[in-house]
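**Q** There's a structure below that I have some questions on.
The values are calculated or read from the model by the stated rules, or taken from the named source; none is laboratory data. Note that the structure is a prediction, hence the values are computed from the model and not measured. Note that we place each Cβ from the backbone using ideal geometry, even for glycine, and neighbour counts take in every protein chain shown. We work out accessible area using only protein heavy atoms, side chains counted, and drop any ligands, DNA or RNA first. Shrake-Rupley method; radii C 1.70, N 1.55, O 1.52, S 1.80 Å.
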Amino acid sequence: MRYGEATVTVVDPRSYMTYQPFLPEAAAGSISPRHVVVPLRRVLPKAEVLTGRVTTIDQDRKVATVAPLVGEAYELPFDYLVIAMGAVSRTFPIPGLAEQGIGMKGIEESIGLRNHVLEQLDKADSTTDEEIRRKALTFVFVGGGFAGAETIGEVEDMARDAAKYYNNVSREDMRFILVDAADKILPEVGPKLGQYGKEHLEGRGVEVYLSTSMDSCVDGHVVLKNGLEVDSNTIVWTAGVKPNPALARFGLPLGPRGHVDTQATLQVQGTDYIWAAGDNAQVPDLVGRKAGNENAWCPPNAQHALRQAKVLGDNVISGMRGFPQKPYSHANKGAVAGLGLHKGVAMIVMGKMKIKLKGRLAWYMHRGYHGMAMPTFNRKIRVFADWTLGMFLKREVVSLGAMETPREEFYEAAKPAPKPAAAKAADQGDQSEKAAKQEKTEAKAS
């Protein structure tokens, strides 16, 4: 665009973008959490970044209502609108899940999971109560897609390393359980590599239960559909995603699963000034439809989202100037997944040929692909630096659980000291004497 031709405003409740494929590695300590996020104000210096939430959109007046972090909500006028709110964890009304579950959609959850797992090892190492030890050392993961399989692979790797530093905890004391309602894990890489991934995890001592689901987890008591019952302090929920539910308030045309319904140009159906892309958009998969699947839609993954963004940017400018817009079309290039240090699976699509890799070579492909896809040169360097240092230095096994309540220690030090018992008794006596005098005064007055 020409200088001063337009103002680009970004509204987001967080002032950073998260590269979600690296969340499992951040949870395992292979990458610093700050290197997985990209600060919006730094990478979008020519844009106006507002930290807040869009609560409503008035399409007739072309006005969005923004609720900032503090203060009153206000209206923000626009000429063109881009909806890219992403997805949230897809959950079900399972008793205890909201209270006990840990998600893996944000860097905060990734850090929290790492601290929580190491804290469980601390608990188990310092107690002689077998029931407490068993509950602390049982880790349940629900969901066998990319997020679930990668997270349990990385966390198991970290816990195995960490156990070397504990006198009373070994890997044999731990119990890792992976549960999925489907009949296979890692469906994105195909059945053969998915089966390899399952066998690989089982070879590391992970219990994999397929074609089953979790019925309840009240107070950490996990009950599976297949009858298995275990007690666990760690229940990680990675059973898929759904579009951001806030979309239902915007008056946009939605698909059957809540995605914004778009044309192949990423323009929202029935509008000429709204576009959508990424996990919250229902985008026709033109490559799949050419192959004969008339109901093919682009899957909600980073491979499509990154490429849709480039097409969307060009189409917004074309829409502003009245030029024809380009339809989004992308053939699947394959999929890669890491299952811990030096372990992974990869399926590379080259035309009609599919190359399937496993083990260390697939792990290199996983790191190479996502390392290059990481936004900004700054973050690429930092991520590769973390990996390089990890080759020579041992993994950190420090739990910073106090991060969740950083003021607790200061509060304990600063709160007023409790009065001695004698002082309390004197105060109570004074109060009783005052009450008696008040009663006498009221009696005389009556």
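**Q** Size of the dipole of the chain about the Cα centre, Lys and Arg at +1 and Asp and Glu at -1 on the beta carbon, nothing else charged, in debye to 20? Don't skip to the end; give the middle numbers.
**A** Details: 55 positive and 52 negative charges, 363 e Å.
That gives the chain a dipole magnitude of about 1740 debye.
**Q** Still on this model: Considering the Cα trace of the stretch 314-413, what is its radius of gyration and what is Dmax, both in angstroms?
**A** Using the Cα atoms of the stretch 314-413, the pair Rg, Dmax is 21.6, 67 Å.
**Q** Which Cα, out of Asn293, Ser399, His259, lies furthest along the positive dipole direction of the chain (beta carbon charges, K/R +1, D/E -1)?
**A** Asn293
**Q** Can you report the principal axis dimensions of the chain using only the alpha carbons, biggest first, rounded to whole angstrom?
**A** Computed over the chain, the largest-to-smallest principal extents equal 93, 62, 44 Å.
**Q** To the nearest 20 debye, what is the magnitude of the charge dipole of the stretch 42-103 about its Cα centre, counting +1 on the Cβ of each Lys and Arg and -1 on the Cβ of each Asp and Glu? Working shown, then result.
**A** Numbers: 6 positive and 7 negative charges, 56 e Å.
Computed about the Cα centre, the dipole is about 260 debye.
**Q** Now a separate question. Shape of the stretch 326-375 from its Cα gyration tensor (a ≥ b ≥ c, root eigenvalues): rounded if a/c is under 1.5, otherwise prolate when a/b > b/c, or oblate?
**A** Numbers: a/c = 3.34, a/b = 1.52, b/c = 2.20.
Since a/c reaches 1.5 but b/c is at least a/b, the shape of the stretch 326-375 is classed as oblate.
**Q** Taking a ≥ b ≥ c as the square roots of the Cα gyration tensor eigenvalues, with a/c under 1.5 meaning rounded and otherwise prolate when a/b beats b/c, else oblate, which class fits the stretch 6-97? Before the final figure, lay out each step's value.
**A** On the way: a/c = 2.44, a/b = 1.43, b/c = 1.71.
Since a/c reaches 1.5 but b/c is at least a/b, the shape of the stretch 6-97 is classed as oblate.
**Q** First compute the accessible area of the stretch 1-143 with a 1.4 Å probe, then give the percent of it belonging to carbon and sulfur atoms. Walk me through the intermediate numbers first.
**A** On the way: 3960 of 7660 Å².
That fraction is 52 percent.
**Q** Could you give the spread of the C-alpha atoms of the stretch 222-298 along their three principal axes, from largest to smallest, in whole angstroms?
**A** 54, 35, 17
**Q** A follow-up question, please. Considering the options Leu121, Val8, Phe22, tell which one lies farthest towards the positive end of the dipole of the chain, charges being +1 on Lys and Arg and -1 on Asp and Glu at the Cβ, about the Cα centre.
**A** Result: Val8, furthest along the dipole toward the positive end.
**Q** Another question, if that's okay. Return the ratio Rg/(2.2 N^0.38 Å) for the stretch 65-115, where Rg is computed over Cα atoms only.
**A** 1.70
**Q** Quick one: accessible surface of Glu75, probe radius 1.4 Å, all protein chains present, in square angstrom to the nearest 10.
**A** The accessible area of Glu75 comes to roughly 100 Å².
**Q** For the ranges 408-415, 128-135, what's the packing order if you count other beta-carbon atoms within 10 Å of each residue, average per peptide, and put the highest first? Walk me through the numbers before you get to the answer.
**A** Working: 408-415: 8.6, 128-135: 13.0.
The peptides rank, most packed first, as 128-135, 408-415.
**Q** Using alpha-carbon positions, what is the distance between the centroids of the stretch 284-329 and the stretch 147-205, in Å?
**A** Here the two parts' Cα centres lie 36 Å apart.
**Q** Provide the net charge surrounding Tyr209, with neighbours chosen by a C-beta distance below 14 Å and charges set as Lys +1, Arg +1, Asp -1, Glu -1. Don't jump to the answer; show the numbers that get you there.
**A** On the way: positive: Arg175, Lys184, Lys198, Lys225; negative: Asp180, Asp183, Glu202, Glu207, Asp215, Glu229.
Neighbourhood net charge equals -2.
**Q** Further question on the same structure: Got a number for carbon plus sulfur as a percent of the stretch 244-292's accessible area, 1.4 Å probe?
**A** Details: 1020 of 2080 Å².
Carbon plus sulfur share of accessible area: 49 percent.
**Q** Could you sort the peptides 304-314, 249-259 by per-residue average Cβ neighbour count (10 Å cutoff), highest mean leading? Present the calculation step by step, with values, prior to reporting the outcome.
**A** Values: 304-314: 17.5, 249-259: 15.4.
Listed from highest to lowest mean packing, they are 304-314, 249-259.
**Q** From the helices alone, meaning DSSP H stretches of at least four residues, give me the mean residue ellipticity at 222 nm for the chain, per-run term -39500 (n - 2.57), in deg cm²/dmol to the nearest 500. Spell out each step's value before the answer.
**A** Numbers: 13 runs with 157 residues, N = 446.
After summing the helix terms and dividing by residue count, I get -11000 deg cm²/dmol.
**Q** Beyond 15 Å, what percent of the Cα pairs of the stretch 121-215 remain? Mind showing how you got there, number by number?
**A** On the way: 2689 of 4465 pairs.
Across the stretch 121-215, Cα pairs with separations above 15 Å total 60 percent.
**Q** Arrange the residues Phe141, Phe146 by how much accessible surface each exposes, largest first, with a 1.4 angstrom probe. Could you put the intermediate results ahead of the total?
**A** Working: Phe141 0, Phe146 60 Å².
I get Phe146, Phe141, largest accessible area first.
**Q** Place the peptides 360-370, 221-231 in order of packing, highest mean first, counting for every residue the other Cβ atoms within 10 Å and averaging per peptide. Let's see the in-between values first.
**A** Numbers: 360-370: 18.2, 221-231: 15.0.
Ranking the peptides 360-370, 221-231 by packing returns 360-370, 221-231.
**Q** Going down the table (Lys242/Lys333; Lys326/Lys380; Lys105/Lys380; Lys105/Lys333; Lys290/Lys354), which pairs top 26 Å between alpha carbons?
**A** Details: Lys242/Lys333 23 Å; Lys326/Lys380 30 Å; Lys105/Lys380 21 Å; Lys105/Lys333 24 Å; Lys290/Lys354 19 Å.
Checking Cα-Cα distances, Lys326/Lys380 exceed 26 Å.
**Q** Provide the convex hull volume over Cα atoms per residue for the stretch 135-181, in Å³.
**A** On the way: hull volume 2.9 nm³, N = 47.
Hull volume normalised by residue count: 61 Å³.
**Q** Now, a different point. Given a 1.4 angstrom probe, I'd like the percentage of the accessible area of the stretch 324-367 that is carbon and sulfur, rounded to a whole number. Mind dumping the intermediate values first?
**A** On the way: 1510 of 2400 Å².
Roughly 63 percent of what the probe reaches on the stretch 324-367 is carbon or sulfur.
**Q** Under a point-charge model restricted to the Cβ atoms of Lys and Arg (+1) and Asp and Glu (-1), what is the dipole moment magnitude of the stretch 182-230 relative to its Cα centre, in debye to the nearest 20?
**A** Working: 5 positive and 8 negative charges, 49 e Å.
Rounded to the nearest 20 debye, it is 240 debye.
**Q** Using the charge dipole of the stretch 177-219 (Lys, Arg: +1 at Cβ; Asp, Glu: -1 at Cβ; taken about the Cα centre), state which of Gly190, Leu210, Leu178 has its Cα farthest towards the positive end.
**A** The one lying farthest along the dipole's positive direction is Gly190.
**Q** With every protein chain present, what is the per residue accessible area of the chain (1.4 Å probe, Å²)?
**A** Details: 24560 Å² over 446 residues.
Ligands and nucleic acids excluded, the figure is 55 Å² per residue.
**Q** Can you tell me what share of the DSSP beta bridges in the chain is antiparallel? A percent to the nearest 5 is fine. Write out the running numbers ahead of the final one.
**A** On the way: 36 of 60 bridges.
Looking only at bridges with both residues in the chain, the antiparallel portion is about 60 percent.
**Q** Roughly what % of DSSP beta bridges within the stretch 5-121 run antiparallel, to the nearest 5? Write out the running numbers ahead of the final one.
**A** Numbers: 13 of 17 bridges.
That works out to approximately 75 percent antiparallel.
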